[in-house]
Amino acid sequence: MWRSLVFGLLLAAAGSAQAEELLSGELACGSLHARGQFGPFDYRVAPAEPKALVEGAHFTSEVRALVRGNAGTIGADIDYTLRAFPNHPEALLSMMNLSFKEKTKKPVGTRWPVECYFDRGERWRGDDSNVKLLFGIYLLRLGRNSEALVKLDAAEKLASEDPNLFYNLGLAFFDLKQYDRALTYAHRAYALNFPLPGLRDKLRRAGAWKDAPPRPIQSAPPVEAAAPPEEVAAPPSVERELEPEMPQSAP
C-alpha cells in the first residue's frame, strides 16, 4: 500500500490557471500495449515479482525522492515504471513532483507530458480512485480548479474504505476551501485510525473543525420469552436401580 502523502505541502506551489485542453487518448499519449514493453500490470494486484523487477531497477528510493536516476535519468526511470504500471500511485506522484522541480510539463527523459501519464493510468484502470485523486491534485497545483474538481468528484465516487484516500481527499477539498467536504473526509479518515493530525490541524486553524458526532448506540435485540420447560420423566429411584437383575431364560 502506498505511503501517506501530505498533499497540503505540495499544493502551496500551485501555479496560475491554464486555459488549455488536457491531452488524452492513444494518439496524444501513446498505446498502453506498445510492442516489446514489459507489462502493463495493475499495480494494486500485481504479483510481487514484476514489482520487484521494475522497482529494483527503475524506481529505487533515490529515484522516488528525485535525487538521481538509476538506469537512466530520473524522468526515464519513472517513465519506465509508469509504462509497466500505469496506475502506480507513488510513481505518478514522483512524476508530478519532477515536473514542478524541473519547471516543465515534460521532464527530461519522459515520453509524454505529465498529464499523459495520468490519462494512461485512467485508461488502464478507470476504477482506481488514487489515479483520479492524484490527477486532481496535479490540476490543483496548476490552478485548474474546475478540472481538478471533476477528478476529485470521480475519486470520491470510487472511494473505498481507505483512510489514506480519505485523508488526501480531505486535504484537496481543504485547499479548495470546501471545508464541509474536507471535514467529512477527515472524520472518515480518523474513524479508521489514520495517524497524521495535519488535516485536523488545518481545519482547526480555519475554524472549520467539529468533532464527529457520537455513533448511535445500538439497542440490544429483544429477548424472546423462554419457552416453558418440557416435562422430563423422573429418573428411576435409587432403590429400583439397586435391584439385582433377574437372569433371563434362554430363548
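Odds and ends about this structure:
- Meets criteria (of a type in the set (A, V, I, L, M) and open to solvent by 30 Å² or more (accessible area, probe 1.4 Å)) for A84: no
- Single match in R83, R123 (criterion: within 26 Å of P163 (Cα to Cα), touching a Leu at 6+ places or on another chain (Cβ under 9 Å), charged (D, E, K, R) and at pLDDT 95 or above): R123
- Among the residues of this structure, D180 does not count as one that is part of a loop (DSSP other than H, G, I, E, B), out of contact with any Gly (no Cβ under 9 Å at 6 or more places or on another chain) and modelled with pLDDT of 85 or more.
- Residue in segment 59-74 that is assigned to a helix (DSSP H, G or I), modelled with pLDDT of 95 or more, open to solvent by less than 10 Å² (accessible area, probe 1.4 Å) and small (G, A, S) present: no
- A count restricted to segment 83-99 and to residues that are out of contact with any Lys or Arg (no Cβ under 7 Å at 6 or more places or on another chain) and part of a helix (DSSP H, G or I) stands at 10.
- Residue check, P40 surrounded by 17 or more Cβ atoms within 10 Å (Cβ to Cβ) and in contact with a Gly (Cβ under 8 Å, 6 or more places away or on another chain): no
- Boolean, T110 is closer than 23 Å to L53 by Cα, β-branched (V, I, T) and either out of contact with any Cys (no Cβ under 6 Å at 6 or more places or on another chain) or surrounded by fewer than 19 Cβ atoms within 10 Å (Cβ to Cβ) (or both): yes
- L9 assigned to a loop (DSSP other than H, G, I, E, B) and at pLDDT below 95: no
- When segment 125-147 is limited to residues that are of a type in the set (D, E) and open to solvent by 20 Å² or more (accessible area, probe 1.4 Å), the one that is farthest from Q178 (Cα to Cα) turns out to be D127.
- Within segment 148-174, being without any contact (Cβ under 8 Å) to a residue 40 or more places away in the chain, within 15 Å of P197 (Cβ to Cβ) and either surrounded by 22 or more Cβ atoms within 10 Å (Cβ to Cβ) or of a type in the set (K, R) (or both) holds for F166, G170.
- When K105 is tested against (1) in contact (Cβ under 8 Å) with a residue 40 or more places away in the chain; (2) over 20 Å from R44 (Cβ atoms), just one condition goes unmet, and that condition is (1).
- Flag for G121 being assigned to a helix (DSSP H, G or I), in contact (Cβ under 8 Å) with a residue 24 or more places away in the chain and not aliphatic (A, V, I, L, M): yes
The values are calculated or read from the model by the stated rules, or taken from the named source; none is laboratory data. Fair warning: this is a prediction, and the values are worked out from it, not measured in the lab. FYI the Cβ positions are ideal-geometry reconstructions off the backbone, even for glycines, and counts take in every protein chain you see. Just so you know, the surface numbers come from the protein's heavy atoms only, side chains and all, with ligands and any DNA or RNA stripped out. Shrake-Rupley method; radii C 1.70, N 1.55, O 1.52, S 1.80 Å.
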